[in-house]
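One structure is given below, encoded as C-alpha cells.
The values are calculated or read from the model by the stated rules, or taken from the named source; none is laboratory data. Everything numeric in this text was worked out from a predicted model, so none of it was measured. Cβ atoms come from the backbone with ideal geometry, glycine included; neighbour counts cover every protein chain shown.
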C-alpha cells in the first residue's frame, strides 16, 4: 500500500490521530505527507475481505476474488483519488522458480 503525497496538512497532526480504522476513512495521521509504503504479508482471506470492503461488495462476493498463494497485490491511496488497485494476484515473480 502506498500514498502519493496528496495528503492535506490538516490531516497530518499528531494530536488528531484516529485509532479506529475505517476502510473508506483510513487515517494516515502517523505518516509523513511524502510517499509512505507499507508491506503486509498475509493469507488470501484478509485481502479478499479488504477488497470487498473497498469496492462496497457484499461479503457473499468474497469467493469471487482469486488470490493465489505467494501472489502480490498492490494498493495505492491518495486523498484526491482514494484507493486504487495497482496489481491484483500478481504471480509473475514465481515464474523464475
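Conditions (1) at pLDDT 90 or above; (2) surrounded by 14 or more Cβ atoms within 10 Å (Cβ to Cβ), marked per residue:
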site	(1), (2)
13	no, no
19	no, no
24	no, no
38	no, no
54	yes, yes
77	yes, yes
89	yes, no
93	yes, no
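Return the pair list, or none, for Cβ contacts closer than 8 Å from residues in the stretch 40-62 that are free of Cβ contacts under 8 Å to residues at least 24 places away in the same chain and on the phi < 0 side of the Ramachandran plot to residues that are surrounded by 11 or more Cβ atoms within 10 Å (Cβ to Cβ) and part of a loop (DSSP other than H, G, I, E, B), at least 6 apart or on different chains.
Matching pairs, first to second residue: 48/65; 48/67; 52/65.
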